[in-house]
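Before any comments, here is the structure.
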Amino acid sequence: MFGRFYLTCCLLFSFACGPLAVAQGNDFFVYFGTYTGFKFVSQSLTHGVGNSRSEGIYVSRFNAATGELSEPELAAKIVNPAFLAISPNHKFLYAITEDPLSVGPPFDHSSYATAFAIDSASGKLRFINSLPTGGTSTCFLSMDKTGKFVFFANFGSGSVSVLRVKDDGSLAEQTAFMQHVGHGGSNLPVQTSPHPHSVMVSPDNRYLIVSDLGTDRVLVYHFDEKTGALGPLDPPSIRMKDGDGPRHLIFDHQGKFAYQVNEMGSTISVFAWNAAEGMLSTVQEAKINSGGSDIRSGSAELQLSNDGKFLYESNRLSRDYDRLPGTIGIYAVDPTKGTLTEMEYSPSGGTMPRSFGIDPSGRYLFALHQLSNNVVQFRVDPATGKISKTGKEVKVDTPVCIQFVPVH
């Protein structure tokens, strides 16, 4: 189940995960999602990576004024909490888990969503309830702006589903389900069928944008924030280049542009966003420098600086995941056109930077390395956008997601 084929697929289609929006104080709980059953098989194992000893979701305490980050502690014991989301009121945490022991082909594993209450004093998590996500091998979840609904990208079954959230934070009934059809480009076998990789609500909470890696399409659905229903638009999607593999989309802070990392095509697409009609139009496709013609960037995560002047993306470099050090790409953003200008690629401080997060103060960037099992802290220069190591890092086995919650 966790052999070489499983690893290869996981590396190609792993989850993107970003931090919470800006908060007021300097103290935060930092949550790390992990793989608890991850096994790495390689003929060129050079960095001591291997089986994960993680037991679930971990939490650290972080001070944005001093940069101090405490050693992670177990916040909740749970299998494979690889993607996390925080409710808008900061009271609840939601995790998706994929059952590695369920019967079925790769990327068709039973998946569940679990709701936790956040202890405001300790940061520990209290289990509320757990429900099936509505699809298989779910790889991404996000919440609407009201905190009343949770969206799921079901990578294995090629579908999108929505669950209602009750006032006590518990998960309730399914309010929408969309089954994708078709296939994508030349990256076989995964592009022979749909594989949604991210679900992101628009800034006005009226639309849901879905990046489908398997079909090379970005789909936009109407979203009803009162009922949780989804409805198709006309035209319903934007077609990407053959074999791009759209992975993860984010909006800029003004809601004028959207940025999408294309994992297989090693590009970042810049879209203009028409909020009135719910339409995306391509402005630019920026090439990611992967360091060699035979190396795919394996890009995983995107995030904008707090002032929106810089865009960051992580590269896992998919020729030899266990040997090549990852990078963080940095781009300057044109404030009028939204277009990107490449600045530099900074070593991420480990192997396979599956995810990263900029803290809500905007002062620090944390790079999470799935294979070298470390989280590396960088200081962000607000004037240039460049990052530099602070010399601080913490150990977390197979970290793949990060979320920040303000301490009240």
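The values are calculated or read from the model by the stated rules, or taken from the named source; none is laboratory data. Owing to the predicted nature of the structure, the values given are computational and were not obtained by experimental measurement. Cβ: placed from backbone, ideal geometry, glycine included. Neighbour counts: every protein chain shown.
None of SER198, SER237 is at negative phi, without any contact (Cβ under 8 Å) to a residue 60 or more places away in the chain and in contact with a strand residue (DSSP E or B) (Cβ under 8 Å, 6 or more places away or on another chain) except SER237.
Checked against (1) part of a loop (DSSP other than H, G, I, E, B); (2) in contact (Cβ under 8 Å) with a residue 60 or more places away in the chain; (3) of a type outside the set (Ser, Thr, Tyr), LYS226 passes all but condition (2). For segment 347-357, does any single residue satisfy the condition of being within 30 Å of ARG61 (Cβ to Cβ), polar (S, T, N, Q) and surrounded by fewer than 23 Cβ atoms within 10 Å (Cβ to Cβ)? No, segment 347-357 contains no residue that is within 30 Å of ARG61 (Cβ to Cβ), polar (S, T, N, Q) and surrounded by fewer than 23 Cβ atoms within 10 Å (Cβ to Cβ). Starting from residues that are in contact (Cβ under 8 Å) with a residue 12 or more places away in the chain and of a type in the set (Lys, Arg), keep the ones in segment 139-174 and report whichever is surrounded by the fewest Cβ atoms within 10 Å (Cβ to Cβ). Within segment 139-174, the match that is surrounded by the fewest Cβ atoms within 10 Å (Cβ to Cβ) is LYS145.
Would you call ASP216 surrounded by fewer than 23 Cβ atoms within 10 Å (Cβ to Cβ) and out of contact with any helix residue (DSSP H, G or I) (no Cβ under 6 Å at 6 or more places or on another chain)?
Numbers: surrounded by fewer than 23 Cβ atoms within 10 Å (Cβ to Cβ): no; out of contact with any helix residue (DSSP H, G or I) (no Cβ under 6 Å at 6 or more places or on another chain): yes.
So ASP216 does not fit the description; no.
Only one of the listed residues (SER297, SER269) is assigned to a loop (DSSP other than H, G, I, E, B) and within 17 Å of the chain's Cα centre (by Cα). That residue is SER297.
In segment 220-236, which residues are buried (at least 19 other Cβ atoms within 10 Å of the Cβ) and either hydroxyl-bearing (Ser, Thr, Tyr) or within 18 Å of the chain's Cα centre (by Cα) (or both)? Working first, answer last.
The initial filter retains those residues of segment 220-236 that are buried (at least 19 other Cβ atoms within 10 Å of the Cβ), namely 220-221, 223, 228, 230.
TYR221, the sole residue that qualifies.
Mind checking which residues of segment 24-44 are hydrophobic (A, V, I, L, M, F, W, C), modelled with pLDDT under 80 and within 20 Å of ILE57 (Cβ to Cβ)? PHE38 - this is the single residue of segment 24-44 that is hydrophobic (A, V, I, L, M, F, W, C), modelled with pLDDT under 80 and within 20 Å of ILE57 (Cβ to Cβ).
Got a sec? Which strands (runs of 3 or more DSSP E) wholly within segment 362-408 have at least 1 residues that are buried (at least 20 other Cβ atoms within 10 Å of the Cβ) and among the aromatic types (Phe, Trp, Tyr)? Spell out how you get there, then give the answer.
Details: elements: 364-369, 374-380, 387-395, 399-406.
Fully inside segment 362-408 and qualifying: 364-369, 374-380, 399-406.
Looking only at residues that are at pLDDT below 90 and of a type in the set (S, T, N, Q) in segment 175-202, which one is surrounded by the most Cβ atoms within 10 Å (Cβ to Cβ)? Among them, the one singled out is ASN187. Looking for something at pLDDT below 95, out of contact with any Cys (no Cβ under 7 Å at 6 or more places or on another chain) and β-branched (Val, Ile, Thr) - is there at least one such residue anywhere in segment 238-248? Within segment 238-248, one or more residues are at pLDDT below 95, out of contact with any Cys (no Cβ under 7 Å at 6 or more places or on another chain) and β-branched (Val, Ile, Thr). Within segment 86-102, the set of residues being under 20 Å from LYS166 (Cα atoms) and either surrounded by 18 or more Cβ atoms within 10 Å (Cβ to Cβ) or modelled with pLDDT under 80 (or both) comprises ILE86, SER87, HIS90, PHE92, LEU93, TYR94, ALA95, ILE96. Of all residues in segment 125-153, those satisfying the criterion of being part of a strand (DSSP E or B), under 24 Å from VAL59 (Cβ atoms) and of a type in the set (Gly, Ala, Ser) are SER130, SER142. Whether a residue is among the polar types (S, T, N, Q), at pLDDT below 95 and either surrounded by fewer than 17 Cβ atoms within 10 Å (Cβ to Cβ) or assigned to a loop (DSSP other than H, G, I, E, B) (or both) was assessed, and SER122 does not pass this test. Being in contact with a Leu (Cβ under 9 Å, 6 or more places away or on another chain) and surrounded by fewer than 22 Cβ atoms within 10 Å (Cβ to Cβ) is the filter here, so list the residues in segment 252-266 that pass it. Selection gives ASP252, HIS253.
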